[in-house]
Amino acid sequence: MDFMGRVGLKLLAVVTITIIGGCKGTSDKSDIAKADKEVIQQSDGNILLEINDAYLLSDAEHPARNTAEWQFQVLNKGRYEVWLSSITRDTMDLNFDDPVIVTFENKRITEKPVGNEIVLNDKDVIKPYFRADSKLGSIYIEDPGHYNIQVISEKLIPEPVSAGIELPSPHTIVKCLILKPLTR
């Protein structure tokens, strides 16, 4: 085989390995379907981005790279506060090792969640957990339309693959991202 043939074969092998490695984050077609689901702004102006609706990439070896991304539709332009809602065992210490990174358009917010508001009686939170919402910053949305937003955090933990597998309970798990309008 000549030099160009060997280079082409090596290039094909690298591309194949890259494609296979890049696909290991998706377990089945349901993950792909989740990525196509667009969240629409609620009538109260809030935009609720649930982890279950996100396209979620999880890296067990490097959890600080765990990423959730959503597509959403904004009906009203304006400034929005960015809140991270977590479920935790201890509302005094959410136990985030690294700051959470939120990327929207050309804006990047890097903040360590502290639990600014404790939400009592959330029917979706089961003991021994509590809900803690943390204000991370704000973004300005110039025009109504379709947008993407991304969150990176070690606390973005996917659901267990099988109900039969018992995993240790984590201290804190990101539940959702909430965009709250400052203007109505």
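The values are calculated or read from the model by the stated rules, or taken from the named source; none is laboratory data. All of these numbers come straight from a predicted model, not from anything done at the bench. Please note: Cβ atoms are built from the backbone with ideal geometry, for glycine as well, and neighbour counts cover all protein chains shown.
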Please name all residue pairs, on different chains or six or more residues apart, with Cβ atoms under 6 Å, provided the first residue is in segment 88-99 and is within 20 Å of ASN121 (Cα to Cα) and the second residue is of a type in the set (Val, Ile, Thr).
THR88/THR172; THR91/ILE118; LEU94/THR88; LEU94/THR172
Quick check on this structure: which one of ILE47, ILE87 is over 20 Å from VAL114 (Cα atoms) and touching a Phe, Trp or Tyr at 6+ places or on another chain (Cβ under 7 Å)?
ILE47
Kindly indicate whether ILE47 is modelled with pLDDT under 85 and either assigned by TED's automatic domain parsing to the domain that holds PHE104 or over 13 Å from the mean Cα position of the chain (by Cα) (or both).
no
Suppose we keep only residues that are of a type in the set (Val, Ile, Thr) and assigned to a loop (DSSP other than H, G, I, E, B) within segment 92-133. Which one would you say is surrounded by the fewest Cβ atoms within 10 Å (Cβ to Cβ)?
ILE126
Could you list all residues from segment 56-71 that are in a strand (DSSP E or B) and either touching a Pro at 6+ places or on another chain (Cβ under 9 Å) or farther than 12 Å from CYS176 by Cβ (or both)?
LEU56, LEU57, THR67, GLU69, GLN71
Any idea which of (1) assigned by TED's automatic domain parsing to the domain that holds VAL151; (2) modelled with pLDDT under 90 is the one LYS10 doesn't satisfy?
(1)
Condition check for TYR129: within 21 Å of ASN52 (Cα to Cα), modelled with pLDDT under 95 and among the aromatic types (Phe, Trp, Tyr)
yes
